[in-house]
Amino acid sequence: MIRILLADDQTLIRAGFRALLDAEPDMEVVAEAGTGRDAVRMAAHEKPDVILMDIRMPDDDGLTATRRILADPALIGTRIIILTTFELDEYIAEAVRAGAAGFLVKDTEPEELIRAVRVVHDGDALLSPSVTRRIMAQLAAQSRAAGKVVPLAQVTDREREVLKLVGEGLNNAEIAERLFITPLTAKTHVSRIMTKLMVRDRSQLVVLAYESGLVRPGWSS
């Protein structure tokens with residue numbers, strides 16, 4: 001059962017999400033929060049698997065709450081999907097840098113929201129297709145301007161191949177098909193890369209793939 005926390009300052013939106021998600025046999029909404037501060041408190045109490053987090057909330061916004069939640073060692077297994085009515089680059093960039101595993105606009109189709117919860121719970125990153133390439137290009141440009149260097153010396157040649165494909169947005173099954181390996185082997189490579197580069201989830205691996213230059217804006221496979 002996927003345990004979910006809903007964090008949004010609009011009661012009707014929370015009610016709609018709860019009805020949608022609770023109807024799924026493998027999902028349960030265990031708590032709701034109307035402020036960022038309450039989201040942090042309820043996350044610590046309930047330890048949900050997935051949090052649907054609105055960006056704009058009173059008493060600590062969604063980005064602040066995301067940082068506080070993901071900094072808690074007791075919530076290492078919690079994944080956060082940022083929800084907003086705005087497709088603004090600065091929000092998306094900050095959400096990814098804060099450690100969010102996904103980003104969706106609120107007018108996403110119901111089936112896409114349900115799929116997003118399952119994808120993020122399974123350890124994959126998820127960004128709305130309409131914003132992924134644009135925001136990763138921005139992050140890469142910011143890193144180059146700051147002279148940021150991503151150390152890849154400890155990553156093997158095969159792991160670099162896998163990291164590049166993660167950066168292109170491929171999931172484990174797609175990586176396995178591309179490299180002629182099993183999905184389990186692909187998953188193992190991804191886990192080892194995350195350990196070596198000290199990142200908590202796949203979305204941050206995507207950022208590192210761009211920052212390291214393994215993937216560049218405009219590239220396609």
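The values are calculated or read from the model by the stated rules, or taken from the named source; none is laboratory data. Given the structure is predicted, the values throughout are model-derived calculations rather than measurements. So basically every Cβ, Gly included, is an ideal-geometry build from the backbone, and we count neighbours across all protein chains shown. Just so you know, the surface numbers come from the protein's heavy atoms only, side chains and all, with ligands and any DNA or RNA stripped out. Shrake-Rupley method; radii C 1.70, N 1.55, O 1.52, S 1.80 Å.
Values for this structure:
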| item | result |
| --- | --- |
| Residue ID - farthest from M194 (Cα to Cα), chosen from residues in region 161-173 that are in a helix (DSSP H, G or I) and either open to solvent by less than 20 Å² (accessible area, probe 1.4 Å) or modelled with pLDDT under 90 (or both) | A173 |
| Failed item in (1) surrounded by 16 or more Cβ atoms within 10 Å (Cβ to Cβ); (2) closer than 27 Å to V207 by Cβ; (3) modelled with pLDDT of 85 or more; (4) among the small types (G, A, S), with G34 passing the rest | (2) |
| The one condition in (1) within 13 Å of G123 (Cβ to Cβ); (2) modelled with pLDDT of 90 or more; (3) within 19 Å of the chain's Cα centre (by Cα); (4) open to solvent by 20 Å² or more (accessible area, probe 1.4 Å) that T195 fails to fulfil | (1) |
| Any hit, region 65-75, residues being touching a helix residue (DSSP H, G or I) at 6+ places or on another chain (Cβ under 6 Å), free of Cβ contacts under 8 Å to residues at least 40 places away in the same chain and at positive phi | no |
| Lone unmet requirement of (1) buried (at least 19 other Cβ atoms within 10 Å of the Cβ); (2) within 16 Å of A116 (Cα to Cα) for V40 | (2) |
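Residues checked against (1) in contact with a Gly (Cβ under 6 Å, 6 or more places away or on another chain); (2) modelled with pLDDT of 95 or more; (3) closer than 25 Å to D107 by Cβ; (4) of a type outside the set (K, R):
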{"site": "I2", "(1), (2), (3), (4)": "no, yes, yes, yes"}
{"site": "P25", "(1), (2), (3), (4)": "no, yes, no, yes"}
{"site": "V50", "(1), (2), (3), (4)": "no, yes, yes, yes"}
{"site": "D61", "(1), (2), (3), (4)": "yes, no, yes, yes"}
{"site": "G77", "(1), (2), (3), (4)": "no, no, no, yes"}
{"site": "I81", "(1), (2), (3), (4)": "yes, no, yes, yes"}
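To keep it simple, each residue is scored yes or no on (1) over 28 Å from L5 (Cα atoms); (2) touching a strand residue (DSSP E or B) at 6+ places or on another chain (Cβ under 7 Å); (3) surrounded by fewer than 16 Cβ atoms within 10 Å (Cβ to Cβ); (4) at pLDDT 75 or above.
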| position | (1), (2), (3), (4) |
| --- | --- |
| S130 | no, no, yes, no |
| P183 | yes, no, yes, yes |
| S191 | no, no, yes, yes |
| R202 | no, no, no, yes |
| S220 | yes, no, yes, no |
